[in-house]
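Enquirer: Can you read through this structure? Questions will come right after.
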Amino acid sequence: KEVTAFAPATVANVSCGFDILGFAIDELGDRVTVRHAEESRLKVTKITGDGGKLPYEVERNTCTVAVQAMLKALGYTGGMDISLDKGLPLGSGMGSSAASSVAALIAANRLLNDPFTKDDLLPFAMLAEKIACGAAHADNVAPSLLGGFVLIRSYHPLDVTALHVPKGLHCTLIHPHMELNTADSRSVLRKQVSLQNATIQSGNIAGLVAGLYQENMGLISRSLQDVIAEPSRSVLIPGYEEIKEAIKEAGALGCGISGSGPTIFILSPDRDIAAEVKTISQKVFDKIGLDVDLYVSEIN
Ligand code: HSE
């Protein structure tokens, strides 16, 4: 018996929600296939789509790190073979490592007839994030696992909740062809936040969540501001300021860095505006002379 599972790309932070907000993207993602093995061990048997960059070692691969933690919690001593088909580019800011570990957990859990709920699987996926980038953040793994728009209200204890999403809310993603390692883009962040910026950021997080529930696109738009991570990170992303300016005319709600970058996300109130934003963004990057991939996804 074998099971294949898919897990989607995600946009973490969503501007103001550093490490606490994230949403899932349609269609883009990773696929993992899991089989029972004769021997009592985990093994990565095949990885495709990664350009040979991902490790096969059980202690370093995010799929096996997550599944190993799950099997340990279950007291399961049988073995599994795991193969990974990467649909997501590495170091893109689209939750690539999270999609792999989440797909592996869903497949392994199903192979064992679902002993865990999706919520139960979350801590195992967070362990894999720790291996991938040094921090057990959940803002990619939680939406990849649960879908939709997710808030991590607290890490200790873990308290994760799904948020309401207004009908029509769409996201355009611009993925410039360059890699940014999450550990590196976390290392550029300042360790201290001023009282003034804490107040601004709290207002925006509350405004964004209220805007989602009120289906108030204006409030969502005004709340898409980040005074904590964006100032240190945007300088690493070519075209960021140009995009911010260019999307205003199209009627987009705002933009931000997807996770730790370099992907840029832009929110729009409907599919047509999101598509227009895609066209405008392509032109901006044509001018800069940097290749990009562009996607449009509904958030739901
Ligand atoms: N919240 C994380 C960060 C997301 O910004 O470092 C990484 O994708």
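The values are calculated or read from the model by the stated rules, or taken from the named source; none is laboratory data. In this text, all values refer to a predicted model and were calculated from it rather than measured experimentally. Glycine also receives a Cβ, built like all others from the backbone with ideal geometry; neighbour counts cover every protein chain displayed. In case anyone asks, the SASA skips ligands and DNA or RNA and just uses the protein heavy atoms, side chains included. Shrake-Rupley method; radii C 1.70, N 1.55, O 1.52, S 1.80 Å.
Enquirer: From the set of residues in region 245-268 that are in a strand (DSSP E or B) and not aliphatic (A, V, I, L, M), which is farthest from the ligand (Cβ to nearest atom)?
Expert: Ser268
Enquirer: I've got another one for you. Given the criterion in a helix (DSSP H, G or I) and either among the basic types (Lys, Arg) or open to solvent by 30 Å² or more (accessible area, probe 1.4 Å) (or both), identify the matching residue among Val209, Val227.
Expert: From the options Val209, Val227, the qualifying one is Val209.
Enquirer: Quick one: what pairs do we get from region 252-268, first residue over 16 Å from Val284 (Cβ atoms) and without any contact (Cβ under 8 Å) to a residue 60 or more places away in the chain, second more than 11 Å from the ligand (Cβ to nearest atom) and part of a strand (DSSP E or B), C-beta under 9 Å, 6+ apart or different chains?
Expert: Taking only residues 6 or more apart or on different chains, the pairs are Leu253/Ile266; Leu253/Leu267; Leu253/Ser268.
Enquirer: May I pose another question? Enumerate the helices (runs of 4 or more DSSP H) found wholly within region 36-133, keeping only those where 3 or more residues are at negative phi and open to solvent by 50 Å² or more (accessible area, probe 1.4 Å).
Expert: It comes to 62-74, 118-133.
Enquirer: Please go through (1) in contact with a Gly (Cβ under 6 Å, 6 or more places away or on another chain); (2) assigned to a helix (DSSP H, G or I); (3) more than 14 Å from the ligand (Cβ to nearest atom) for Ala183 and return the number of the only condition it doesn't satisfy.
Expert: Looking at each condition in turn, Ala183 falls short on (3).
Enquirer: Still on this structure, I have one more. When residues of region 1-25 are filtered for being touching a Pro at 6+ places or on another chain (Cβ under 7 Å) and either within 12 Å of the ligand (Cβ to nearest atom) or open to solvent by 50 Å² or more (accessible area, probe 1.4 Å) (or both), how many remain?
Expert: Going through region 1-25 one residue at a time, the tally reaches 2.
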